[in-house]
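What follows draws every value from the coordinates through simple rules; no lab data is involved. Bear in mind that the values here come from a model prediction, so they are computed numbers and not experimental data. Neighbour counts run over all protein chains shown; Cβ positions are idealised from the backbone, glycine included.
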Amino acid sequence: MSNWQMDETDRKIIKATQEGLPLVEAPYEAVGAEIGLSGDEVRQRLNAMLEAGVIRRIGAVPNHYALGYTANGMSTWDVPDEKVKEIGEKIGALDFVSHCYERPRHQPIWNYNLFAMVHGKDKETCMKRVEMIAHMLGEDDRGHEVLFSSKILKKTGLRIA
Amino acid sequence: MRRKIDPIELDDLDRQLINELQNGFPVSERPFHDVAKQLGSDEKTVLAKLTRLRESGVLSRFGPMYHAERMGGGLTLAALSIPEDDFDRVNDIVNAFPEVAHNYKREHELNMWFVLATETPERVEECCHEITEATGYQVYNMPKKQEFFIGLRFDV
C-alpha cells in the first residue's frame, strides 16, 4: 500500500463519482467538466487511487436480488481464536461467500468471532451451504447461527460529505 | 419486506456486460467503446444496455468502489437489541445519522445491524456512543479485526 493522502482534488473526484459514473461516451471528461478538471486529470487520479487500493475496483455491482440471488444469510461462527485465520481463509475461498471477517465477541450476548455472508437462490440453499461449512469445520465449529435480514432499513452506500 | 425488483429480460449481451464489468472497467477516453469492442458490440448499444440495466435496478451501482478505511475514514459493523414495540422509534434515530450507510433488521436478539462509515477512524467510537445516548440502548461495536475475502461474483 502506498502512502496515498487524499487532497482536495481527490475529494472532489470522490464526491462526483461515489454515486456512480455517468453513462456517456466520455465519462471521465464528464466528471471532470463538473469539477473543473480535464478527463486526463480525472483518469490519472483514479488510476492512482486504484493503485493505492483506495478504489477497490471500477465496475458494475449487480443487485443480487434482481438476479435471483434473493437470499443472503449472515452466518456467524464461534471458532477457536488461534485458528481464526486458517478457518477464515478456508471459508472466504468458497464461491458462495462474500465478506468474511473476524470480529470481536461481546459475551454473553454475542459469542461469535467469525462472520461470513452466504448467498443463494433461496433461504434453503443458504442453509445447506452453511451446513457444508459446519461440516468442513468439524469440531472447530463450537456453535454457529445464521441471521437472515428480514428488512432493509437503510441503504445509501458509503458517502463522504 | 424487501422483495424483488421488476425482473427484466436479459439477453446475451446483458449477461456478458454484467459478468464482464464485475471484473473492472477501463480508465480510458472512450471506455464504453473499448468494452463494446471486446464484446463484439458497439458503443451506442453498450451505453443503451447499461442505462437500462441501471434504471431497472439490475445494476445497483456502476462506478468506482471506494475503500472507506483507505480513504482515511472509519468503518464498522454494529448491532442493537431492541424490543419490538420500540423498534420504529430507534430505527428513525439510527437512520438519521448520516454515518449509517446500511441498516438491516435481522432475526436475532440483536435485531438491528448497521454499518457505520465515518470520515475519521475516531468518529466510529463517538458515533456508537451518540447512538447509545440517543436511543437508550447499548451499541455493540464489531469492527473487523481481519478480512479474509471480499468480493463475490454473481454470474448470470
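With a cut-off of at most 12 other beta carbons within 10 Å, and DSSP calling the residue loop, which trypsin sites (Lys or Arg not before Pro) in the stretch B:1-87 qualify? Please list them.
On the way: sites: B:R2, B:R3, B:K4, B:R15, B:K37, B:K44, B:K49, B:R52, B:R54, B:R61, B:R70; in loops: B:R2, B:R3, B:K4.
For trypsin sites (Lys or Arg not before Pro) across the stretch B:1-87 that sit outside H, G, I, E and B with at most 12 neighbouring Cβ atoms in 10 Å, the list reads B:R3, B:K4.
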- Query: If one computes the Cα centroid of the stretch B:61-86 and of the stretch A:1-57, what distance in Å separates the two points?
  - Reply: 22 Å
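Using only DSSP helix segments of four residues or longer, with each worth -39500 (n - 2.57), what per-residue ellipticity at 222 nm results for chain A after dividing by its residue count and rounding to 500? Walk me through the numbers before you get to the answer.
On the way: 5 runs with 57 residues, N = 161.
The per-residue figure over chain A is -11000 deg cm²/dmol.
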- Message: Quick check: the angle from helix A:39-52's long axis to the longest principal axis of chain A, C-alpha only, nearest 10 degrees?
- Response: 30 degrees
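With the cut-off at 1.5 for a/c, could you classify the stretch B:41-90 from its C-alpha gyration tensor as rounded, prolate or oblate? The partial results should precede the final answer.
Working: a/c = 6.25, a/b = 1.86, b/c = 3.36.
The shape class here is oblate.
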- With axes computed from alpha carbons, what is the tilt in degrees of helix A:8-17 against the longest principal axis of chain A, rounded to the nearest 10 within 0 to 90? 70 degrees
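Can you tell me the alpha carbon radius of gyration of the protein assembly as shown divided by the globular rule-of-thumb value 2.2 N^0.38 Å?
Details: Rg = 20.4 Å, N = 317, 2.2 N^0.38 = 19.6 Å.
That works out to 1.04 for the protein assembly as shown.
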- Message: I'd like the orientation of helix A:123-137 relative to chain A: the angle between its Cα long axis and the longest Cα principal axis, in ° from 0 to 90, rounded to 10.
- Response: 70 degrees
- Message: What distance in nm separates the two pseudo spin-label positions at A:A48 and B:L39, each 7 Å out from Cα along the beta-carbon direction?
- Response: 3.2 nm
- A:R142 paired with A:K121, simple spin-label distance in nm, labels 7 Å along Cα-to-beta-carbon: 3.8 nm
- Can you list the lysines whose alpha carbon is less than 20 Å from that of A:K83, not counting same-chain residues fewer than 8 positions off? B:K144, B:K145
- Task: Specify whether the C-alpha gyration tensor of the stretch A:74-129 places it in the rounded, prolate or oblate class, a ≥ b ≥ c being the square roots of the eigenvalues: rounded for a/c under 1.5, otherwise prolate if a/b is larger than b/c and oblate if not.
- Result: oblate
- the stretch A:74-88-the stretch A:122-143 distance, computed between alpha-carbon centres (Å): 13 Å
